[in-house]
Amino acid sequence: MKKQGESRCTQKTISLLSPLGTIQVRGCENGVHTIQILMDVAPAERSSEAPLSCVVTDSPAETSPEMQRCVEWLQAYFTEPQTAGSLPLPAFHHPALQGDAFTSRVLKVLLSDVKFGETVSYKRLAEMAGNPRAVRAVGGAMRRNPVPLLIPCHRVISSSGQSGPYMSGRGDHLKQWLLTHERQRGEG
């Protein structure tokens, strides 16, 4: 039996192989629900000289236009990241991104106001979202971001300039890679 408010959509998963390892995108006809970076490639095996690509390794027979838009955006981000900002984002279909809750507001501000190659402190993002005292809540919003990469939580850093944790600290090396990727590719 479905809980009240639970989505009645049929979710499908697409797997992609990227420089970060396998990325799984879950979504339905209404939009993308989640993006999960599986971290199945050890950092030592990731070469900075490796070709940048993002290829679909597993996909359902039928893919919604929103899921296809997400795949195209991710492929552009890894191969030609400076062009990803001009591509339309897919619709999002996750409860954390609906309504006016603080988490939703923070994620929307991050998406709209922090551009490719830029960073923002947790404190500044709290101010931008309308609650300058909610620095810790901004950190919680980053942990609850259901669609990393699309909503660039990797661009949020500490006021000291340190990168801060990513994926609850398990993906700090990925955050560094993403920030470097954007800086290097933005210059070209």
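Please name all residue pairs, on different chains or six or more residues apart, with Cβ atoms under 6 Å, provided the first residue is in segment 91-116 and is among the hydroxyl-bearing types (S, T, Y) and the second residue is part of a helix (DSSP H, G or I).
Listed by first residue and then by second, the contacts come to T103/A96; T103/A141; S104/L97.
Which one of the conditions (1) open to solvent by 50 Å² or more (accessible area, probe 1.4 Å); (2) at pLDDT 95 or above does K115 fail to meet, given that it meets all the rest?
(2)
Return the only residue of R105, R124, R133 being surrounded by fewer than 19 Cβ atoms within 10 Å (Cβ to Cβ), out of contact with any Lys or Arg (no Cβ under 7 Å at 6 or more places or on another chain), outside the structural domain of V25 (by the TED database) and not in a helix (DSSP H, G or I). Talk me through it step by step, then tell me what you get.
Numbers: R105 fails: not in a helix (DSSP H, G or I); R124 fails: not in a helix (DSSP H, G or I).
Every option except R133 fails the conditions.
Given the structure, is F78 assigned to a helix (DSSP H, G or I) and touching a residue at least 60 places away in the same chain (Cβ under 8 Å)?
Numbers: assigned to a helix (DSSP H, G or I): yes; touching a residue at least 60 places away in the same chain (Cβ under 8 Å): yes.
Judged against the criteria, F78 is a match.
Working only within segment 4-27, note down all residues that are assigned to a loop (DSSP other than H, G, I, E, B), modelled with pLDDT of 90 or more and hydroxyl-bearing (S, T, Y).
The one that is assigned to a loop (DSSP other than H, G, I, E, B), modelled with pLDDT of 90 or more and hydroxyl-bearing (S, T, Y): T10.
Inside segment 165-180, can you point out the residues that are in a helix (DSSP H, G or I), touching a helix residue (DSSP H, G or I) at 6+ places or on another chain (Cβ under 7 Å) and open to solvent by less than 60 Å² (accessible area, probe 1.4 Å)?
First, the residues of segment 165-180 that are in a helix (DSSP H, G or I): 172-180.
When the remaining residues are screened for being touching a helix residue (DSSP H, G or I) at 6+ places or on another chain (Cβ under 7 Å), the result is 173, 175, 178-179.
Correct list: K175, L178, L179.
If you go through segment 149-164, how many residues are part of a strand (DSSP E or B) and either open to solvent by less than 20 Å² (accessible area, probe 1.4 Å) or in contact with a Pro (Cβ under 8 Å, 6 or more places away or on another chain) (or both)?
So in segment 149-164, the residues part of a strand (DSSP E or B) come out as 151, 156-157.
With either open to solvent by less than 20 Å² (accessible area, probe 1.4 Å) or in contact with a Pro (Cβ under 8 Å, 6 or more places away or on another chain) (or both) added as a condition, the list becomes 151, 156.
Selection size over segment 149-164: 2.
List the number of the failed condition for P90; all other conditions in (1) closer than 23 Å to V25 by Cα; (2) not in a loop (DSSP other than H, G, I, E, B) hold.
Evaluating P90 over (1) closer than 23 Å to V25 by Cα; (2) not in a loop (DSSP other than H, G, I, E, B) leaves (2) as the failure.
Outside the structural domain of R26 (by the TED database), open to solvent by 50 Å² or more (accessible area, probe 1.4 Å), farther than 30 Å from R8 by Cα and not polar (S, T, N, Q): does that describe R144? Can you show your working first?
On the way: outside the structural domain of R26 (by the TED database): yes; open to solvent by 50 Å² or more (accessible area, probe 1.4 Å): yes; farther than 30 Å from R8 by Cα: no; not polar (S, T, N, Q): yes.
No; evaluated as a whole, the condition is false for this residue.
When you scan segment 28-46, do you find a residue that is open to solvent by 40 Å² or more (accessible area, probe 1.4 Å), within 19 Å of F78 (Cβ to Cβ) and modelled with pLDDT of 95 or more, even just one?
Within segment 28-46 (the criterion being open to solvent by 40 Å² or more (accessible area, probe 1.4 Å), within 19 Å of F78 (Cβ to Cβ) and modelled with pLDDT of 95 or more), the answer is yes, since at least one residue qualifies.
The values are calculated or read from the model by the stated rules, or taken from the named source; none is laboratory data. No experiment lies behind these values; they were computed from the predicted model shown. Neighbour counts are summed over all protein chains in view; Cβ atoms, including those assigned to glycine, are modelled from backbone coordinates with ideal geometry. What goes into the accessible areas is simple: the full protein's heavy atoms, side chains included, and nothing from ligands, DNA or RNA. Shrake-Rupley method; radii C 1.70, N 1.55, O 1.52, S 1.80 Å.
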